[in-house]
Amino acid sequence: MIKALCQIVMAGALLLFFSSAPHAQEIPVRTGIHPGYGRIVFDWPEQVSHNARIDQRQLIVEFGKAGDYQLDNIRQGVKGYTGRPTIDPTKKILTFPLLDDFSLKTFTAGPKVIVDLQVDIDATNSTDVATKSDSQPVSGVGFRFAEHPDYNRLVFDWPEKVKGAISQAGDKLIVRFDQGASVDLGKLNKQKMPFVTNGRVIASTPKLTVEFGLVPEAQARIFNVGSKSVI
């Protein structure tokens, strides 16, 4: 009798344990790259509370329910915007490391939760970027570069937003800014990248003009992220 009673209690305890475990339904996750922004779509089948924020160069998306997020198409992150995402043990919070400084926009379409990472609102696939011009020359502008799986990124760290334009002919890319400055491309020339072979300063004043060597069939675009000019 006592043995049977213990078995019933243990069975009840196991039932309580498993019933209290969070239920996570499958949530398809889609991404898209558009001019000026990258998009992440969480296809929830029903309305769910959510919150998205950027903290210390990380995109953090939190939902009110646990989810079994289908990340097959986003294992390596959102191309050009984020690195590999991680999911916390509660299956409610996803964290995406950001590759640069972006602004954030979130909204819903029915039960779908949509997160947009936006570059500057003046970003464009054309050669022009709307910015400030006719200002005094800068003594030195920072320059950095990064290699990603399908593209290379060149960044000019201006103290203020500066108008820039690009022109491309074959394997030569010319970048012209509406402000003069000195810039050091030495590190780039010592460390070749898959799509950018070299760089040189054509003119520092009155307007900074730079030439980059590209591999055949490489294509470039320029846009702003805050005061940064990104190629």
Of the residues that make up the range 94-101, is at least one among the hydrophobic types (A, V, I, L, M, F, W, C), at pLDDT 90 or above and within 20 Å of the chain's Cα centre (by Cα)? yes
Would you pick out the residues in the range 45-69 that are more than 30 Å from Pro149 (Cα to Cα), in contact (Cβ under 8 Å) with a residue 24 or more places away in the chain and either outside any strand (DSSP E or B) or over 21 Å from the mean Cα position of the chain (by Cα) (or both)? Pro45, Glu46, Gln47, Val48, Gly64, Lys65, Ala66
Of the residues in the range 162-177, those that are surrounded by fewer than 13 Cβ atoms within 10 Å (Cβ to Cβ) and on the phi < 0 side of the Ramachandran plot number 3
Can you go through Leu117, Leu188 and tell me which one is part of a strand (DSSP E or B) and at pLDDT below 90? Leu117
List the pairs whose first member sits in the range 145-166 and is within 17 Å of Val210 (Cα to Cα), whose second member is among the basic types (Lys, Arg), and whose Cβ atoms are under 6 Å apart, counting only residues at least 6 apart or on separate chains? Val155/Arg144; Val155/Lys228; Asp157/Lys228; Ala165/Arg176
Search result, residues across the range 216-231 that are part of a strand (DSSP E or B) and either touching a Ser or Thr at 6+ places or on another chain (Cβ under 9 Å) or of a type outside the set (Lys, Arg) (or both): Phe223, Asn224, Val225, Ser229, Val230
Considering only residues of the range 70-84 that are surrounded by fewer than 19 Cβ atoms within 10 Å (Cβ to Cβ) and over 12 Å from the mean Cα position of the chain (by Cα), which is farthest from Ala146 (Cα to Cα)? Gln70
In the list Thr205, Thr197, which residue meets the criterion of being out of contact with any helix residue (DSSP H, G or I) (no Cβ under 6 Å at 6 or more places or on another chain), surrounded by fewer than 17 Cβ atoms within 10 Å (Cβ to Cβ), among the β-branched types (Val, Ile, Thr) and in contact (Cβ under 8 Å) with a residue 40 or more places away in the chain? Thr205
Of the conditions (1) surrounded by 13 or more Cβ atoms within 10 Å (Cβ to Cβ); (2) on the phi > 0 side of the Ramachandran plot; (3) at pLDDT 85 or above, the single one that Val61 does not satisfy is (2)
Which one of the conditions (1) modelled with pLDDT of 90 or more; (2) surrounded by 17 or more Cβ atoms within 10 Å (Cβ to Cβ); (3) touching a strand residue (DSSP E or B) at 6+ places or on another chain (Cβ under 7 Å) does Ala66 fail to meet, given that it meets all the rest? (3)
The one condition Val9 fails out of (1) more than 20 Å from the chain's Cα centre (by Cα); (2) β-branched (Val, Ile, Thr); (3) at pLDDT 85 or above is (3)
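The values are calculated or read from the model by the stated rules, or taken from the named source; none is laboratory data. The shown structure was predicted, so the numbers you read here are calculated from the model rather than taken from an experiment. Virtual Cβ from ideal backbone geometry, glycine too; neighbours counted across all protein chains shown.
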